[in-house]
Amino acid sequence: MMGNKRTPQTIGGLVLAGVVTVAGITAALPGETSTVQAAPVKTATGAQTKAAQASPSVTVNGMTVTVNEVFYDGSRMDIGYAIQMPKTQNEAEALKMAQTIKLWQFTVDNSDKPVPYKGSQEVERVNGNQFKGIRNIEITEPLPDKFTLHAKVAFGNDVTDPKTTGQLDIPVAKQQKPGDGAGLSPKVSPSTQSGAGGSATPAPDKAEEPLPKHVQQNYQKLLETEPLLKGLKMTGYSKSPMTDNGQIRGVWGIVLHETGNFDDKGKMFASMQFDSTTGELLDYGSFGSPTFREEPKKSTQTEAFYRQKAADFIQKLLGDEHVKQYQKTGTVEISMRTYNKTVERQTGTAEFDYNGERFQIVVDVNGYLHTYNRIPLSHLLKQR
């Protein structure tokens, strides 16, 4: 991950969400320190894409990459994006293909000179053939405060084949905060900033829209539900018109990190989204938790263990009615998850439907809340 101080960026006039929730898959890219001259490339339609696109999205052979957030502080840049693979493609094949998609050669405005950089890229499945990723870039020479970033996108291992490459044209603006240069983080309470936990109520910079009280309340509920989060530092929050899984609904995103510095590799971080109208938690993911960094106390657990742990989390987050529905109709599936391609741990995934929504709770082998999602069934039908 990149720098630790972040606030929202805008693309096409829309304020975008916080850092994309990613973990588990790290793609090794060619050209991480590339200085090879860029050339115009073609999209699936065969049209030259050096000219700016109407939106930061490109489709090649039925695979679509869409940028949904950018953070830039003058020396570092994070590009969050969604990947939609063909619905007819096998999920295992879709995962392999999503891992090969690369954002890797960058130019600025009308210049053909590639931007020297170093960085990394990570991708994770969201649902079925939908994926999300983040491209972290450390800039090694100065760039303007505002510019269009042209990113070459390779849909496969051959990054030079015009039939499988495209280009994203991404509006970028350096983040500014009054009296603090390029600082990107909204102010937070002392307890949060120190990582001491407790009542972590954000106090944003006056230039930023405050985090609504109903969102704060549900954020506090999450902290009480999973106390492990109290030891993390809030690195920022932001507002978006779209969820990470593609729903058109207003959300607030919050990002936490163990040290507050995303350059500290192997540390725990978490990302979450709350409905901007109701404040309800819609999406949560934690990565690098003790389960994945250390040998767990037990390498396996029973279905009864995961079923009860999921019920406990449902009770704390959603209440009695949801617990009753889960106990009547909920399913639990035990599987293995791989973190950073090397660490494999058992998890239990509980799932149930209630009032037109699907709820999914993933608990790790140590009993921590790993991920949580609630998605309208109507949205899931659209994805089929």
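The values are calculated or read from the model by the stated rules, or taken from the named source; none is laboratory data. Given the structure is predicted, the values throughout are model-derived calculations rather than measurements. Glycine also receives a Cβ, built like all others from the backbone with ideal geometry; neighbour counts cover every protein chain displayed. To get the accessible areas, we keep the full protein, side chains included, count just its heavy atoms, and leave off ligands, DNA and RNA. Shrake-Rupley method; radii C 1.70, N 1.55, O 1.52, S 1.80 Å.
About the Cα centre of the range 206-300, what is the dipole size in debye to 20, counting +1 per Lys and Arg Cβ and -1 per Asp and Glu Cβ, all else neutral? About 160 debye. The overall shape of the range 58-177, judged from the alpha-carbon gyration tensor, is prolate: a/c is not under 1.5, and a/b is greater than b/c.
Straight-line reach from K233: taking Cα to Cα under 16 Å and skipping same-chain neighbours fewer than 8 places apart, the aspartates and glutamates in range are E224, E258, D263, D264.
A probe of 1.4 angstrom, applied to the heavy atoms of all protein chains, finds M336 with accessible area near 100 square angstrom. Restricting the range 291-337 to trypsin sites (Lys or Arg not before Pro) that sit in a DSSP loop and have at most 16 other Cβ atoms within 10 Å of their own Cβ leaves K297, K298.
How many angstrom separate the Cα center of the range 300-348 from the Cα center of the range 61-77? A separation of 32 Å, based on Cα centres. For K298, the aspartates and glutamates whose Cα comes closer than 14 Å to its Cα, not counting residues fewer than 8 places off in the same chain, are E344, D364. When a/c reaches 1.5 or more, the comparison of a/b and b/c decides; with that in mind, is the range 236-333 rounded, prolate or oblate per its Cα gyration tensor? Here the range 236-333 falls in the oblate category.
Among the trypsin sites (Lys or Arg not before Pro) in the range 86-139, none is located in a DSSP loop while being surrounded by at most 11 other Cβ atoms within 10 Å of its own Cβ.
In this structure, the residue pairs whose Cα-Cα separation is over 23 Å, taken from K87/K265; K118/K265; K96/K152; K221/K309; K174/K267; K239/K265, are K87/K265; K174/K267; K239/K265. Rolled with a 1.4 Å probe across the full set of protein chains, the surface gives L256 an accessible area near 0 Å². Direction-averaged projected area, Cα convex hull, the range 266-384: 8.2 nm², rounded to one decimal.
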